[in-house]
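Worksheet: the structure to be examined is printed underneath.
The numbers here are math on the coordinates, done by the rules we state, and not lab data. Computed from a predicted structure; not experimentally measured. Note: ideal-geometry Cβ built from the backbone for every residue, glycine included; neighbour counts use all protein chains shown.
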Amino acid sequence: MTLCSDGAYRNFVRSQSLIARSRAELARQFPPAPLEVLSLGSGQGDKDLLLLEALRGNGARVSYVPVDTSQALLEMACAGALGAGIPTQGIKADFTNPTHLQALTADPETPRRLVLLIGNTLGAFDPIAEARELARLLRPDDALLVDGEIYAGDATVAGYDNPLNRRFAWAPLNAVGISERDGELVFEAADDARLPGLHLIPKHFRAGRDVEPMLGGQVLRLARGERLAMNHSYKYTADTFLRILTDAGLSPRWQGRSDDQRFLMVLATPA
């Protein structure tokens, strides 16, 4: 929550401001009819609520289904939507788990769906594989709203290597007994050879001395100089982001950019 509320986390600011600026235009893409909004990785639902209210204001009869692995954030998302008078049902699940994703498949009585995957969430996984999985989740009349960060070289790395993001990144290391006295946290830039214009920012912990953290009840011995790989985040050129969607069988029908042009949001439907 602190990470998202502080302006240092630029992707939250970009995504939220883009939703706020474009919500009326996005709402006009849907007729005044029943619409289920399925938010994958909803978090606390702040951005979702902006769009939900715009859709309702345009005449859509919206219902909200936030999906997240965090019980606390899921409850916040549900509380916000219910407080606005929007029918809501939260689901605690990991949509990157194929079994969980399959369970989110709409049944015949589910109204038209708008699936949300916003906040550069696609970039936290393998975007090529995940886009294909998302396309399978959509029925012919459904739509997907997804966004991604446009790569800008050293400026992109600098956006992650800031004090607030470092505190956030250290948290899982601290939880297993690794502190800043034990080594350093390194952010890098790399290219994914599968597609030109597909980049990623991986990070790792590099031990400055021998350490023995506890992981799942097991001792993990790291010698001085060894690396412990952590999570990554994918970035794109605009053309590559669109190509990932079209290669997955999706057809972009609306696009929006953040004020600094570093964030691209796309509304797509099955081709």
Scoring the range 154-236 by relative contact order with C-alpha pairs under 8 Å, at least six apart, yields a percentage of 25
Amide H to amide H under 5 Å from T110: which residues, 5+ apart in sequence or cross-chain, H placed 1.01 Å off N in plane? none
Determine which lysines satisfy two conditions relative to K235: a Cα distance under 18 Å, and not lying fewer than 8 residues away in the same chain. K203
Low-density loop cleavage sites - trypsin sites (Lys or Arg not before Pro) in the range 171-271, where at most 16 other Cβ are within 10 Å (DSSP): R194, R209, R221, R224
Which log10 I(q)/I(0) values does the range 118-201 give at q = 0.12 Å⁻¹ under the Debye formula, counting every alpha carbon as one identical point scatterer? -0.52
Check which residues have an amide H placed less than 5 Å from Y151's amide H, if you skip close sequence neighbours. Y236, T237
The size of the Cβ-based charge dipole (Lys, Arg +1; Asp, Glu -1) of the chain about the Cα centre, to the nearest 20 debye, is 260
Take the Cα atoms of the chain, build their convex hull, and give its volume per residue in Å³. 132
For K92, go through the lysines and keep the ones whose alpha-carbon is under 25 Å away, minus same-chain ones fewer than eight residues off. K47
Report, in deg cm²/dmol and to the nearest 500, the calculated mean residue ellipticity at 222 nm for the chain, where each DSSP H run with n ≥ 4 adds -39500 (n - 2.57) and the sum is divided by the residue count. -10500 deg cm²/dmol
